[in-house]
Amino acid sequence: MLNIEWSKLGFEYMPTACHIQFKFSKGKWDSGSLVKDPHVSLSVAAECLHYGQAIFEGLKAYRCKDGKVRVFRDIENIRRMNSSANYACMPEFPEEMFLEAVNKVIKANIEYTPPYGTGGALYLRPLMIGSGPIIGIAPSDEYIFLILATPVGPYYRGGIVGVNAMIFEDYDRAAPNGSGRYKLAGNYAASLKASKIAKAKGFPIVLYLDSKEHKYFDEFTSSNFFAVTKSGEYITPESKSILPSITNNSLIELANHLGIKATRRQIKFEEIETFAEVGACGTAVVITPVNAIQRGDKTYNFTSDKGVVIQKLYKALTDIQYGNTPDVFNWMRLIE
Ligand SMILES: *Cc1c(COP(=O)(O)O)cnc(C)c1O
């Protein structure tokens, strides 16, 4: 038996039984294997180390109310990952092989899946890196694809807690025709500085406007932006430089299902006056309510952590994930 204090888990990496790893060379993927060693051996000239040819994903497997383990919408993760792969000139990873790899890595780490009721989950992190030794800038001809699994805890133990977000005028997340809509590792290296400055000022998250004009909302560093207007509508930005969040897509479907109008469109910054609730959404936290947005010397306040729409959507989505309510959208895949 493992000696894990489930109630103390945060969102941190813990080595587990194994990860699953595949290698690509001479134009094809091998059949993969479970690897106990949580280290990867690479050439000092590996493409990913110098030129950042690396993409990733994030998804969760849940121990449900009936005791079974299910993974949330993993087909969407491999589809998005293959779109990132295409952008970064990397080979696609076949969908069927991915689903099988997810099964294998979860089953091999099943005892690391937090029990039902703890609010935790087994976090899966697929990663693809260009591993070929290359000194001139060009796509690698060798790749490693792996999925690591690590248990994570709930973000909110005593109910949903709101945070304050900061908007910068002098840091952008993604160029208008750049890599913002792909989960490219380099996007996150480029975000560290702004996040560090914001944290030092007491803002746990950074909100980005469109980088061309700073007129429209884009998204947060690693989560999508949405607002609930004073008239009760869920709105979320339409933009070429934001990551298509699976959580956000799910919240839109849930909102419609619950009779809340949900729209994806360009959102002007001035519309901030019409927001009642603001949220950041993504796999890690589902929804982080944003109680204030700071831009320059102006602060805009919301009652997001008490927001009825945020609470309703948060509960509706997590109830499906933990199997408390029927999976009407067919989002959960049983691991057996
Ligand atoms: C991963 C990520 C998200 C959230 O996507 P989910 O599929 O909901 O986890 C949003 N924005 C950025 C920039 C991300 O990297």
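The values are calculated or read from the model by the stated rules, or taken from the named source; none is laboratory data. Please read all numbers here as calculations on a predicted model, not as lab measurements. Positions of Cβ are generated from backbone atoms using ideal geometry, with glycine treated the same way; all protein chains shown enter the neighbour counts. For the accessible areas, the whole protein counts, side chains as well, though only heavy atoms, and no ligand, DNA or RNA atoms are used. Shrake-Rupley method; radii C 1.70, N 1.55, O 1.52, S 1.80 Å.
Given 25 °C and 0.890 mPa s, compute D for the chain with the Stokes-Einstein relation, Rh being the Kirkwood radius over Cα pairs; round to the nearest whole µm²/s. Don't skip to the end; give the middle numbers.
On the way: Rh = 20.9 Å.
Diffusion coefficient, whole number: 118 µm²/s.
Counting only lysines at least 8 places from K68 when in the same chain, those with an alpha carbon closer than 27 Å to its own are K8, K36, K60, K104, K107, K312, K315.
To the nearest 0.05, what FRET efficiency results for M97 and E12 with a Förster distance of 30 Å applied to their C-beta separation?
Values: r = 29 Å, r/R0 = 0.96.
The computed FRET efficiency comes out at 0.55.
In this structure the amide hydrogen of Q266, modeled in the peptide plane, comes within under 5 Å of the amide hydrogens of E238, none closer than 5 places in sequence on its chain.
Please report, in debye to the nearest 20, how large the charge dipole of the chain is about its Cα centre when each Lys and Arg carries +1 at its beta carbon and each Asp and Glu carries -1 there. Kindly include the intermediate steps, with their values, before the conclusion.
Numbers: 38 positive and 35 negative charges, 92 e Å.
Charge dipole of the chain: 440 debye, to the nearest 20.
For the stretch 192-336, the Kirkwood estimate of the hydrodynamic radius, built from every pair of different alpha carbons, is 15.9 Å.
Just need the relative contact order of the stretch 163-321 here, percent rounded to a whole number, with Cα pairs under 8 Å and 6+ apart. It rounds to 24 percent for the stretch 163-321. Here the spin labels are modelled as points 7 Å beyond Cα on the Cα-Cβ line, and at T118 and S231 they lie 4.6 nm apart. Given R0 = 35 Å, the distance between the Cβ atoms of S31 and M1 translates into a calculated FRET efficiency of 0.65. Once you sort the root eigenvalues of the Cα gyration tensor of the stretch 73-190 as a ≥ b ≥ c, which label holds: rounded (a/c under 1.5), prolate (a/b larger than b/c) or oblate (the other case)? Oblate, since a/c reaches 1.5 and b/c is not below a/b.
Surface composition of the chain: carbon and sulfur make up 53 percent of the accessible area, probe 1.4 Å.
Of all the options K26, K104, K68, the one that moves most in a Gaussian network model of the chain with Cα springs shorter than 10 angstrom is K26. Annotation for L334 and Y171: the two label points, set 7 Å from Cα along the Cα-Cβ direction, are 4.6 nm apart. The residue list N224, Y155, P244 was ranked by how far each Cα lies along the charge dipole of the stretch 146-247 toward its positive end, using unit charges on Cβ atoms, and Y155 comes out on top.
Starting from the Cα gyration tensor of the stretch 1-93, take the square roots of the eigenvalues, sort them a ≥ b ≥ c, and report rounded, prolate or oblate (rounded when a/c is under 1.5, otherwise prolate if a/b is larger than b/c, else oblate). Here the stretch 1-93 falls in the prolate category.
As a ratio to 2.2 N^0.38 Å, the alpha-carbon radius of gyration computed for the stretch 182-234 takes the value 1.31. Accessible surface comparison of W331, W6, probe 1.4 Å, protein chains only, largest first: the order is W6, W331. Across the stretch 273-283, coupling constants 3J(HN,Hα) worked out from phi with the 6.51/-1.76/1.60 Karplus curve, θ = phi - 60°, read 5, 9, 7, 9, 10, 10, x, 10, 10, x, 4 Hz, and Gly and Pro carry x.
Pull out the extension gain between T303 and E238, defined as 0.36 nm times the separation in residues minus the alpha carbon to alpha carbon distance; nm, one decimal.
Numbers: separation 65, 0.36 × 65 = 23.40 nm, distance 2.42 nm.
The span from T303 to E238 would gain 21.0 nm if fully extended.
Grab the beta carbon distance between T325 and D141, set R0 = 51 Å, and tell me the FRET efficiency rounded to 0.05. Walk me through the numbers before you get to the answer.
Working: r = 48 Å, r/R0 = 0.93.
The value I calculate is 0.60.
Given a 1.4 Å probe and the protein chains as shown, Y155 ends up with an accessible area of around 110 Å².
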